[in-house]
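One structure below.
The values are calculated or read from the model by the stated rules, or taken from the named source; none is laboratory data. Small disclaimer: the values here were computed from a predicted structure and weren't measured. A quick note on method: Cβ atoms are made from the backbone with ideal geometry, for glycine too, and the neighbour counts reach across all protein chains shown. We work out accessible area using only protein heavy atoms, side chains counted, and drop any ligands, DNA or RNA first. Shrake-Rupley method; radii C 1.70, N 1.55, O 1.52, S 1.80 Å.
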Amino acid sequence: MTVTGELREGKVLVRNKRQANRLYSSMYGKPSREGLWLWPEEATFLCEVGRLEVKREGERLTLDRLIEAFLREDPRFPVRYAVYADLRQRGWKPKPGRRFGTDFRAFRGEDERIAVKVLHEETDDFTPEDVLRWVRSLRGTEFDLVVAVVDNDFDVNYYEFEELTGSL
């Protein structure tokens with residue numbers, strides 16, 4: 001079944017309640033009174049797998065035109081999308097958002113939870129202090145820190161970090 005959404009405000013709105021509920025039950029989107037808002041990464045992924053058709057002012061957008069629209073809003077979109085799509089293909093259910101200073105929270109099964117920081121290997125510099133800050137921001141949560149490094153071919157490598165406590 002193909003869901004229809006409307007491109008608005010840099011996101012995609014699904015108004016049909018039944019379609020919105022079906023997507024939300026698969027951990028897509030954020031519900032509102034207007035319907036279900038899909039983040040750019042979610043909308044692009046759903047279009048790519050044939051589950052979503054997006055319109056703007058009544059005109060159907062191709063996948064390329066949709067990506068162009070998201071790219072105009074955020075030049076880092078392709079890097080984050082590479083990670084989002086890879087996580088979905090690996091069985092994770094990522095939720096975009098900037099919680100904990102990361103780019104995604106992702107869930108798999110009952111008790112696997114990660115917070116994902118996305119970095120582009122060519123343009124993003126970070127220090128050990130940055131990693132420590134990200135790890136510390138997750139203290140007291142059920143999330144483990146994973147740093148996703150995307151190369152120029154949009155291949156993704158993952159690195160898990162945790163804070164050592166106690167004495168060595």
Cross-chain or 8 or more residues apart, Cα under 18 Å: how many lysine pairs in the chain fit that? Count them up, please. 9
Protein accessible area in the chain, 1.4 Å probe - carbon and sulfur %: 45 percent
Work out, step by step, the length gained on full extension between residue 9 and residue 51: first 0.36 nm times the residue separation, then minus their alpha carbon distance; give nm to one decimal. 13.0 nm
Given backbone amide H placed at 1.01 Å from N, residues whose amide H is under 5 Å from that of residue 144, ignoring those fewer than 5 places away on the same chain, are 113, 114, 115
Solvent-accessible area of residue 159 with every protein chain in place, 1.4 Å probe, in Å² to the nearest 10: 110 Å²
Can you tell me the FRET efficiency between residue 60 and residue 90 if r is taken as the Cβ-Cβ distance and R0 is 22 Å, rounded to the nearest 0.05? 0.15
Separation of alpha-carbon centers, region 4-75 and region 103-139, rounded to whole Å: 25 Å
Among 49, 79, 12, which one shows the highest mean-square fluctuation when the chain is modelled as a Gaussian network with alpha-carbon springs under 10 Å? 49
Quick check on the chain: helices-only [θ] at 222 nm, where DSSP H runs of length 4 and up contribute -39,500 (n - 2.57) each and the sum goes over total residues. Nearest 500, please. -9000 deg cm²/dmol
Segment residue 22-residue 155, length gained on full extension (0.36 nm per residue, minus Cα span): 44.8 nm
Counting DSSP beta bridges in the chain, what percent are antiparallel, to the nearest 5? 70 percent
Give the peptides 104-110, 152-158, 84-90, 67-73 in descending order of average Cβ contacts within 10 Å, highest first. 84-90, 104-110, 67-73, 152-158
